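Presented below is the structure to which this report refers.
Nothing in this text is a laboratory measurement; each read-out follows from the coordinates by a stated rule. These numbers come from a predicted model, not from an experiment. Cβ placement follows ideal geometry from the backbone for every residue including glycine, while neighbour counts extend to all protein chains displayed.
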Amino acid sequence: MALPSVKDIVDLVKTGATIEAQEKIMELRRAALDLQEENLSLRQRISDLENEIRQLSSASAEKCPKCHAPAWMLTDSKPDRIFGDLGAVMRTYTCSVCGFSESQLRD
């Protein structure tokens, strides 16, 4: 639906159709309120996305291989029971988001 122009409203007032002019003005007010609500909603969405970007870019953890959240952290490190004498270390990583855990042998 096309919004009325100021010229349309002025023409209605000039012809004495003040009730119709008031209705057109109310249409404009409703449209302005709808746009303000949409603007506030979009600003909030932008703010949420900026916060999410900030959190993801500042995360020091690696991405979890299962859920891909930046929450993959080293939780345990000890000499390997078989190859420990040769300098091999068994490291356990755990995701603080989904709980997935995995051990890796490192030399």
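Can you sort Phe83, Phe100 from fewest to most other Cβ atoms within 10 Å of each residue's own Cβ?
Phe83, Phe100
Between the DSSP loop rule and a limit of at most 16 other Cβ atoms within 10 Å, which trypsin sites (Lys or Arg not before Pro) in the stretch 62-107 are left?
Loop-located and lightly packed - Lys63, Lys66, Arg81.
Can you tell me, using C-alpha contacts under 8 Å and at least 6 residues apart, the relative contact order of the chain as a whole percent?
RCO, the chain: 14 percent.
In the stretch 6-58, how does Rg compare with the Kirkwood Rh, expressed as the Rg/Rh ratio over alpha carbon atoms?
1.45
Viscosity 1.002 mPa s, temperature 20 °C: what is the translational diffusion coefficient of the chain from Stokes-Einstein with a Kirkwood Rh over Cα pairs, rounded to a whole number of µm²/s?
Reported coefficient: 109 µm²/s.
Sequence neighbours fewer than 8 away in the same chain don't count; with that in mind, list the lysines whose C-alpha is under 20 Å from Lys7.
By straight Cα distance, Lys7 reaches Lys24.
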